[in-house]
Every structure is written in C-alpha cells, then in structure tokens.
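Notes for the one structure printed next.
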Amino acid sequence: MKNPYSRTKHISLLAATCLALAPAALAVSPPPDGGYANGNTAEGEDALLNLTAGLTNTAIGFEALLLNTTGNDNTATGSFALLANTTGSNNTANGNQALFDNTTGNSNTANGSQALQNNTTGSSNTAGGYQALFSNKTGHSNTANGYKALRYD
C-alpha cells in the first residue's frame with residue numbers, strides 16, 4: 001500500500017521551491033496610493049516633491065505639482081501638470097503641461113494638453129481642449145473650449 005502523505009509532501013516541496021525562486025518584491029517609500037501626510041496623494045517621479053504644508057492635493061504624473069509647497073485641494077494629472085504651482089489652491093489640471101506656469105492662481109480648471117499653460121496668477125478660468133486659453137497669464141473668469149480656443153500668438 002502506498003503512503004497517502006507522499007503526494008502532499010511533493011506538492012509542499014514544489015510550492016516552497018517556486019516561492020524561493022520568485023523575484024523579490026521591492027518596497028516603495030512612501031507607499032503608493034496615499035500614505036502621505038495631510039491627505040495628499042502622489043504617483044510619478046517627483047510628483048509633489050516640494051510639498052511642505054499643503055492639504056489634500058493629488059498629483060499623478062512626472063513632476064505633477066512639482067513646486068507646490070502650501071497650495072491646497074489641487075488635482076494634477078499628467079506630466080508637468082501644475083508644475084510651477086506653489087501656493088495656488090482649488091485648481092484642476094488634466095493633461096500634459098496643463099496649467100504648467102500657474103504659481104498662485106486659484107480655482108482654475110484646465111482639461112487638455114497645454115490648456116491654460118501660461119497662466120500664472122489668473123483665477124477662476126476654465127479651459128477645455130488642446131492649448132485652450134494657452135496665452136492667458138493673469139486674466140480672471142475666462143472660459144474657452146476647443147482646439148487652441150482663445151490662444152493668442
């Protein structure tokens with residue numbers, strides 16, 4: 001009669017061997033999906049790199065919200081989105097270089113690559129589309145939708 005435990009022994013040995021040969025998991029610090037103080041979230045190289053006291057910011061993408069120090073409630077999705085923002089709050093930038101030059105402007109919404117790219121201190125602007133409101137720097141309460149809408153060269 002065969003030993004009923006020999007099969008279990010071989011399966012256990014196989015499982016242990018597979019685990020030993022599996023690549024080691026690398027830990028990321030700080031951990032992804034949150035883990036930052038004051039409700040901040042950052043994913044991407046140098047995202048929210050200079051944050052000091054800002055609250056509830058979300059930065060996803062290479063250098064998104066890179067220079068933000070004390071700005072609150074900002075959302076930046078895309079490479080270089082809201083890159084120069086330092087103290088501006090309540091801004092939303094979705095797209096590569098959206099609100100790129102914004103420093104202290106508040107309550108702006110930019111959806112599209114390079115939308116509101118040159119805005120620095122303007123507030124309450126809404127831009128949707130590639131380079132929409134691209135040339136705006138200090139203007140307030142503007143709305144532009146569409147490809148290069150209200151872009152001035």
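The figures follow:
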{"read-out": "Burial ordering of 137, 148, fewest other beta-carbon atoms within 10 Å first", "value": "137, 148"}
{"read-out": "Low-density loop cleavage sites - GluC sites (Glu not before Pro) in the stretch 33-87, where at most 15 other Cβ are within 10 Å (DSSP)", "value": "45"}
{"read-out": "Taking 70, 109 and counting other C-beta atoms within 10 Å, the order from fewest to most", "value": "70, 109"}
{"read-out": "Rg and Dmax of the stretch 40-153, Cα atoms only, in Å", "value": "12.1, 37"}
{"read-out": "Shape category assigned to the stretch 70-132 from the gyration tensor of Cα positions, a/c cut at 1.5", "value": "prolate"}
{"read-out": "Separation of alpha-carbon centers, the stretch 97-115 and the stretch 61-83, rounded to whole Å", "value": "10 Å"}
{"read-out": "Net +/- balance of residues flanking residue 80 in space, Cβ distance below 12 Å, scoring K and R +1, D and E -1", "value": "-4"}
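Read the figures in this text as sums done on the coordinates, not as results from a lab. None of these values were measured; they are calculated from a predicted model. Ideal geometry is used to build each Cβ from the backbone, glycine not excepted, and the neighbour counts take in all protein chains shown.
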